[in-house]
Amino acid sequence: MRRTGVLALQGDFAAHAAALRELGLDCREVRRTAELEGLEGLVIPGGESTTLLNLMADEPWFEALSRFHERGGALLGTCAGAILLAREVTGGAQATLDLIDVTVERNAYGRQVDSFEADVRLLGSDAPLRAAFIRAPRFRRLGDGVEVLALLADEPVLVRQGRVMAATFHTELSEDRRVHDLFSRLVFEYDKNEERESRPAAGNSQFPIAVA
Ligand code: GLN
């Protein structure tokens, strides 16, 4: 069974774990860097990114997560998790993991609309996805290698670069499992990824983005 984890320092990690288990993945709560060992995918949940960073100061999380990414581990960051994964942050400077080439602005929807629900459009899927934006960030810049997977009106809200996915909304708060399902496809590519590293394949490998 595919082994995934959810960073369980803060935020709604239990709902992410439940979603991944529902999809047939093994999922453990990760509170120590050593618990990343043996995992093929990791979710960094939403919450509050500054608080999360403070909690992460207890252990060498930056090194551990970079190593996890380097060895082919798939990552999904939602909301505060996306802020942490980004290359750059505005609206409150803070450290980031720099694992996806985007700039995010924290708390970017302003006060009145701090939090809201909206239908987003997953590319390749006709049915709208109901999404919760809670003091959500916005992507302000996407690097060349970054692919858009979902839009709110015309604005990217779910993106991917290589084995890293970032969502500005809370993917765990609805019963809709399509985003976790996309993430699980990255997790299932884990071995193929290792194979690619040792024996580079000809041409570009395409991520299967079509959503049922
Ligand atoms: N506003 C939060 C931050 O800046 C993120 C909100 C969330 O994760 N729901 O970290």
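The values are calculated or read from the model by the stated rules, or taken from the named source; none is laboratory data. If you're wondering where the values come from, they're calculated on a predicted model, not measured in any experiment. Please note: Cβ atoms are built from the backbone with ideal geometry, for glycine as well, and neighbour counts cover all protein chains shown.
General remarks:
- All positions within region 54-76 that are under 21 Å from Val159 (Cβ atoms) and more than 16 Å from the ligand (Cβ to nearest atom): Leu65, Ser66, Phe68, His69, Glu70, Gly72, Gly73, Ala74
- Considering region 9-53, the residues that are part of a helix (DSSP H, G or I) and within 19 Å of Leu99 (Cα to Cα) include one that is nearest to the ligand (Cβ to nearest atom), namely Ser49.
- Check on Asn193, crowded, with 16+ Cβ neighbours inside 10 Å and modelled with pLDDT under 95: yes
- Where Arg141 falls short, out of the listed (1) more than 16 Å from Ala108 (Cβ to Cβ); (2) free of Cβ contacts under 8 Å to residues at least 60 places away in the same chain: (1)
- Residue ID - surrounded by the fewest Cβ atoms within 10 Å (Cβ to Cβ), chosen from residues in region 106-121 that are basic (Lys, Arg) and either within 9 Å of the ligand (Cβ to nearest atom) or in contact (Cβ under 8 Å) with a residue 24 or more places away in the chain (or both): Arg121
- Residues of region 77-100 that turn out to be within 9 Å of the ligand (Cβ to nearest atom), part of a loop (DSSP other than H, G, I, E, B) and over 19 Å from Phe13 (Cβ atoms), as a count: 3
- Phe139 vs. criteria among the aromatic types (Phe, Trp, Tyr), closer than 19 Å to Ile100 by Cα and crowded, with 17+ Cβ neighbours inside 10 Å: yes
- Residues (away from the ligand (no atom under 16 Å from the Cβ) and of a type outside the set (D, E, K, R)) located in region 122-137: Leu122, Leu123, Gly124, Ser125, Ala127, Pro128, Leu129
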